[in-house]
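Written below as structure tokens is the structure these notes are about.
Coordinate-derived values only; no laboratory data. Given the structure is predicted, the values throughout are model-derived calculations rather than measurements. FYI the Cβ positions are ideal-geometry reconstructions off the backbone, even for glycines, and counts take in every protein chain you see.
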Amino acid sequence: MFIHRIGRTTWLVTALVFSSPMLLPLAGRNKPKPQKLEEQPESAAFSAIVDRIIANELQTRAKMHEFSPRVETYLQYYKPDNELGDVATSDDYFLGRLKFSKNVNEPAAEESFTPDTNEEWFLRHPELLKVRLQLDQFAVQPLVVDETNFDRKHYAFHPVRWEYLGDVRCLAVDLEPRDLKARGVFEGRIWVEDHDYAIVRLNGTRINPRRWDFFFHFDCWRENLQPGVWLPVYIYSQETDRGKKLRYKAETRFWGYDLTAHHQQQEWTSILVDAPVAVRDTSDLKSDLTPVESQRQLNMDAEHNIIERLEKARLLAPPGPVDKVLETVVNNLRATNHLDNLPPVQCRVMLTSSLESFSLSYTIVLSRGLIDVLPDESSLAMVLAHELAHIALGQKLNAKYAFSDRMQVTDEQLLASLDIAKNLKDETAADAKGIEFLKNSPYQDKLSHAGLFLRAASDVAPHVPCLFGRHLGNGLTEGSNNKLMRMEALASAAPVLTPRNLDQIPALPLGARLQVDPWDGAVSFAVRKADTLVDASEKMSFRVTPVIPYLRPYPQPKTSAPAVNQ
């Protein structure tokens with residue numbers, strides 16, 4: 001991961017130490033710019049719209065400084081392939097939060113939740129050292145049109161057309177900087193909704209970077225998360241012509257705006273207790289817990305503390321319908337393997353892209369990215385069977401997390417403070433028991449699909465180590481070569497991979513299954529029609545792909561109909 005969260009010094013240092021002619025096409029040289037578009041006289045109606053666009057964007061920029069959303073950027077470098085479209089060669093990753101200063105004219109910075117691993121990346125890929133990007137800029141550059149100079153004096157506005165983005169009627173407007181030599185100005189297109197003329201989408205780039213700096217093309221989407229408030233939720237970036245080695249696709253996601261939203265004071269001071277039956281002042285238990293019950297309670301306290309802290313940091317999605325689908329698969333495995341002695345097992349979703357899963361005491365956690373790429377229910381059952389095996393084998397969570405002080409760390413320190421991964425011996429035992437569960441389950445006749453997924457993961461993992469890395473639990477692979485670790489027996493028995501066969505879909509692209517509510521991080525399954533693939537380049541297993549949000553206006557409160565006099 002190549003992250004510098006304060007400034008742009010990293011590019012300069014890298015360039016000075018490793019300077020070569022190869023850097024010249026990447027150093028942000030100013031390309032000859034086309035002549036300015038001929039500016040047409042504005043009608044009175046469009047002039048009024050431009051005034052509202054400028055005023056609303058200034059308000060939005062100030063509004064953003066009230067929040068500190070979680071932010072994740074995942075980037076894949078690739079090389080073109082005539083048949084497969086593109087093939088990933090390496091990747092980059094950032095997870096953290098946006099941090100704004102009190103000065104609304106200063107850009108946001110990013111605070112990382114993960115340790116910096118630059119040196120490890122350089123050791124793995126020294127040949128690409130000269131073309132690395134500043135990953136922290138992917139969430140900052142596209143946030144607003146211009147931090148300081150968004151007005152008529154600095155930009156010309158050219159109306160294009162009215163069109164719908166989802167349910168929102170928008171006016172597309174081309175923006176052109178009046179000074180084509182100005183540093184870092186935006187050049188591209190914006191879409192504004194037709195109610196308040198708030199910008200809902202920015203598509204373009206910034207021009208004229210400093211020496212050794214780099215600007216990229218981006219497509220930034222905002223959603224109406226609160227009445228009258230449109231905030232960034234998703235950014236897609238792609239470059240194909242920045243030299244032979246610098247080809248990439250990247251996505252940045254924002255969520256957890258509610259953490260820093262203004263709340264009504266009574267939300268924190270008015271505590272209501274729902275009691276379905278009358279509250280009693282005595283307990284049915286007349287004695288202390290037994291030693292076994294006490295140990296179980298300690299384990300559950302440890303689990304509750306971790307879940308509660310991950311939820312607070314908005315790294316774990318709130319309970320929701322996706323959990324219920326996962327729990328249905330777990331219950332199928334439990335019922336057919338007669339695991340009636342186990343307490344109820346719950347499932348939760350971690351909001352990160354890296355492909356990982358882990359179990360606590362009686363809770364199984366899967367990452368959003370892992371659920372996204374799993375192609376079918378049997379592959380999902382494979383992942384859940386492995387984690388269920390950890391629970392059935394009695395491989396409990398370390399009880400040290402039952403002490404609440406261990407959770408009193410900052411969000412930036414949280415992931416590093418937790419050690420949930422199992423050791424190799426426990427992983428091997430869970431593999432064997434998990435395969436036993438699967439062979440007794442309703443998924444026994446479709447295990448070749450799960451094996452095919454593992455085989456595809458084994459092929460791509462060495463090229464995208466960040467995607468197959470882990471934050472807390474165990475990944476599908478391990479070691480410097482990202483060798484397959486999870487249920488190798490299923491992979492060995494799987495069919496041969498045929499990348500050009502349209503009927504064989506070993507894995508899906510990122511973003512294929514889940515949608516994340518940017519406000520509070522709630523997850524749900526995306527309702528989409530099935531696609532008919534045209535060629536092998538559309539399979540895109542494990543790849544970054546653009547995700548186009550379906551925009552909707554913030555729902556208006558329902559008003560009761562006026563009473564009718566009889």
In which sequence would Arg70, Arg183 go, from the one with the fewest C-beta neighbours within 10 Å to the one with the most? Arg183, Arg70
In units of 2.2 N^0.38 Å, what is the alpha-carbon radius of gyration of the range 293-507? 0.99
Karplus couplings for the range 360-374 from phi (6.51 cos²θ - 1.76 cosθ + 1.60, θ = phi - 60°), rounded to Hz, Gly and Pro as x? 9, 6, 9, 10, 9, 10, 10, 6, 4, x, 5, 5, 4, 8, 5
Stretch gain in nm, segment Ala489-Glu163, where the contour uses 0.36 nm per residue and the Cα spacing is subtracted: 112.1 nm
Please work out how much length the chain gains when fully extended from Arg152 to Arg406, using 0.36 nm per residue of separation minus the C-alpha to C-alpha distance, in nm with one decimal. 86.1 nm
Of the range 75-95, those with amide N under 12 Å from the point 7 Å along the Cα→Cβ vector of Ser537 are 80-87
Simple SL model, points at 7 angstrom along Cα→Cβ for Asn82 and Leu502; separation in nm is 2.0
Based on the alpha-carbon gyration tensor of the range 455-514 and its eigenvalue square roots a ≥ b ≥ c, which shape applies: rounded if a/c is under 1.5, prolate if not and a/b is larger than b/c, or oblate? oblate
Given labels modelled 7 Å from the Cα in the Cβ direction, how far is it in nm from Arg210 to Arg552? 4.4
Tell me the relative contact order for the range 293-507 as a rounded percent, counting alpha carbon contacts under 8 Å between residues six or more apart. 23
5 Å is the cut-off here: which amide hydrogens, built 1.01 Å from N in the peptide plane, fall below it relative to Thr477, excluding neighbours closer than 5 in sequence? Met485
Output ³J(HN,Hα) for the range 146-152: one whole-Hz value per residue in order, computed from phi by the Karplus curve 6.51 cos²θ - 1.76 cosθ + 1.60 with θ = phi - 60°, and x for Gly and Pro. 7, 5, 10, 10, 8, 7, 5
Note the full-extension length gain between Asp426 and Asp340 as 0.36 nm times their separation in residues minus their Cα-Cα distance, in nm to one decimal. 28.7 nm
Table column - 3J(HN,Hα) (Hz), the range 301-317, Karplus curve with 6.51, -1.76, 1.60, x for Gly and Pro: 4, 4, 4, 4, 4, 5, 4, 4, 6, 5, 5, 4, 7, 6, 9, 10, 5
Peptides ranked, highest mean first, by Cβ atoms within 10 Å: ranges 160-166, 227-233, 308-314, 247-253: 247-253, 227-233, 308-314, 160-166
Quick check on my link table: of Lys439/Lys483; Lys312/Lys425; Lys249/Lys324; Lys63/Lys153; Lys400/Lys433, which ones sit more than 29 Å apart, alpha carbon to alpha carbon? Lys312/Lys425; Lys249/Lys324
Given labels modelled 7 Å from the Cα in the Cβ direction, how far is it in nm from Ala526 to His304? 3.7
Where Lys and Arg each count +1 and Asp and Glu each count -1, what net charge lies around Thr336 among other residues with Cβ under 12 Å from its Cβ? 0
